[in-house]
Amino acid sequence: MKSTLPNASRLSAIDTFFVAYQESSGVLMQLGAEVEFKGRITRDDLDQVLLHIVLRWPPLRQRLQRRLFGLWWEGDCRTGEMLHVAERREALAEWRNRPLNPFAEPPFQILWLADCDRNLLAFRAHHAVVDGEGFLAVCVEALRKLAEIMRPGIFPDEHGSDSDACSSGKIRGRTPGRRLKLLEALENVQRMRRESRSNQSARIAMRSCTPGETSIIERDLERDDLRELRRQATELGVAPGWLCASAWMKAIHAWNLSSGINATPVISIEVPVSLRRSRDNDLRIGNLISPLTLYGDATQPVEELAMKLKHQMTRAMRQRSHLALPLLSSPAKLLPWRLFRKLAANPELTGFATSHFAWFEQPKSINEEVFRMSGGALQIVGQQIYTPVCLHMGVAMAILVWPERAQIFLTHRLTALSTNDANTLLDLMVQELGQRYLSRQQVAV
C-alpha cells in the first residue's frame, strides 16, 4: 500500500554519522528486537500495524535522498517493502546480518516467521533513523497495536487519529545544548580528541578487527536476583545500572588477562545519554542521544567502581559535557554527503572507548500488557534485542530491564570472538555481579 504524503525531514549530523560509519567500516549499524508469541495473526494484521507506525513516524517508511545540503528522509509510504515473510528459523540469522541500505529500502522493517499459532516478529531499524531508546518504543507501540487488533470484538480504524501525525510535516528533534557556551563545547571536544589519541584505556582481546556476522548471547536476571541487585544499589546510593557497568568493565579486564594480554586495567565504556525530556508526550525519532565516555580501574571492587562511574556521569552532566558534540556537529548536517562521509568516519569524536554499554529500563511489562490488551489472543513467550557493534570494539553490551526481571544481551562479531569466547566473557560479568543462579540461555545463531 502507498500514500503520497508530503513529508521530508533532514537528518541531523549524528543521524548522518551512522550512515557514513556503516559505509566506511563495513559493519552494520542496525538495531534489532525479536519477539516470539503464541497466537494466530494474518498478513492483514501486520499491514495494519505497519500503517499505524508509518502514519505516526513517517521517516520509518521513507528512503534517504541526497540533496545539495545534507541527507533527507523523503518519499512515499512503502509499507509493502517493510514486511518480509520467512518459513524457516534459519532465516533469522541471515536477517540480522543482511545490510540494511537506507538509500534503497525503508529503514524500519519486520521479518515474520509463522508456524500455526507460534509467531516470531523480528524488528530491525537502521541507526540513522532512530536510537535505541526510540527503537524500543516503536517496537512496543507496534506490539500494542497488534494486541489491539487481535482483541475479540474490536475492529480498529486503521486510519484513526494517527492520520493527523503525517499532516504535521517534518519531525523536528529538539536542539538541546544552546545553553552550553561555544567555548565550553570546543574545550569538551578537544578533551575528547586528546583522550582518543592517548589510548589510555584497554581494547578487548579479540581474534581480528575485521567486519563479519554478529551473534547474540543472553543471561537472565530473574525476579529475586533483580530485587537483590536493586537492594545492593540502594545501599550504595547508585543506580543498578552502574553495578552492571562495573561488572562488565571488570569482566573485560579479566578476559584480557586470561587471553594473555597484559593490557592496562583502565577500561572505558561509551554510554548513550538521552536528550529527550521525560515530560515529552510524543516520541520523537531520530538520534536524540549523545555519547559520554567513562573510565574506571577494573582492579577496584565492583561497588567502588560503580560509585566512581556515577560521580563521573554526575560531573559530566553538571558541566553539560554531553551537549558539546550535538552542538558543534549540528552545522555538519548541511554538508554535501560525499564531504560529510570523508570527514565523519573518525574515531576521535566517538567510538574510541573499550566497549559500548546501554541500559534500557521499561516501566511496564510488555508481556502482561499485550496479553491483557489482546484479551488473551496473544501471549509473548520470549524477546531479545541486539545493538550495533563498532569495528574496533568487537562486542556491545545491552541490558533490557523489566519490572520483574532483566535480560543481559551481549552482541558480538564472530570475527572478533567465537560463541564460546563470548559466553566465557559474559560468564565473567555474571560472576562479578555475584549472582550464582542466573539462568543461562544461548541464542541460536
Failed condition for MET192, given (1) modelled with pLDDT under 85; (2) not assigned by TED's automatic domain parsing to the domain that holds THR354: (2)
Looking only at region 410-445, and only at residues there that are part of a loop (DSSP other than H, G, I, E, B), among the small types (Gly, Ala, Ser) and at pLDDT 95 or above, the one that is surrounded by the most Cβ atoms within 10 Å (Cβ to Cβ): ALA416
Pairs, first farther than 20 Å from LEU400 by Cβ in region 232-254, second aromatic (Phe, Trp, Tyr) and assigned to a helix (DSSP H, G or I), C-beta under 9 Å, six or more apart: LEU236/TRP242
Answer residue from region 246-266, given it is crowded, with 21+ Cβ neighbours inside 10 Å and either of a type outside the set (A, V, I, L, M, F, W, C) or in contact with a Gly (Cβ under 6 Å, 6 or more places away or on another chain) (or both) and is nearest to GLN312 (Cα to Cα) among those: SER246
Of all residues making up region 140-154, the number that are out of contact with any helix residue (DSSP H, G or I) (no Cβ under 9 Å at 6 or more places or on another chain) and either assigned to a helix (DSSP H, G or I) or closer than 20 Å to TRP95 by Cα (or both): 0
So GLY39, is it surrounded by fewer than 23 Cβ atoms within 10 Å (Cβ to Cβ) and either within 22 Å of the chain's Cα centre (by Cα) or within 29 Å of PRO291 (Cβ to Cβ) (or both): no
Residue in region 92-103 that is surrounded by the fewest Cβ atoms within 10 Å (Cβ to Cβ), counting only those that are of a type in the set (A, V, I, L, M, F, W, C) and touching a strand residue (DSSP E or B) at 6+ places or on another chain (Cβ under 7 Å): PHE103
Of residues in region 280-298 being of a type in the set (D, E, K, R) and outside any strand (DSSP E or B), the one surrounded by the most Cβ atoms within 10 Å (Cβ to Cβ): ARG284
Only one of LEU275, LEU243 that is of a type in the set (A, V, I, L, M, F, W, C), buried (at least 20 other Cβ atoms within 10 Å of the Cβ), assigned by TED's automatic domain parsing to the domain that holds LEU426 and modelled with pLDDT under 95: LEU275
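The values are calculated or read from the model by the stated rules, or taken from the named source; none is laboratory data. None of these values were measured; they are calculated from a predicted model. Note that each Cβ is placed from the backbone with ideal geometry, even for glycine, and that neighbours are counted across all protein chains shown.
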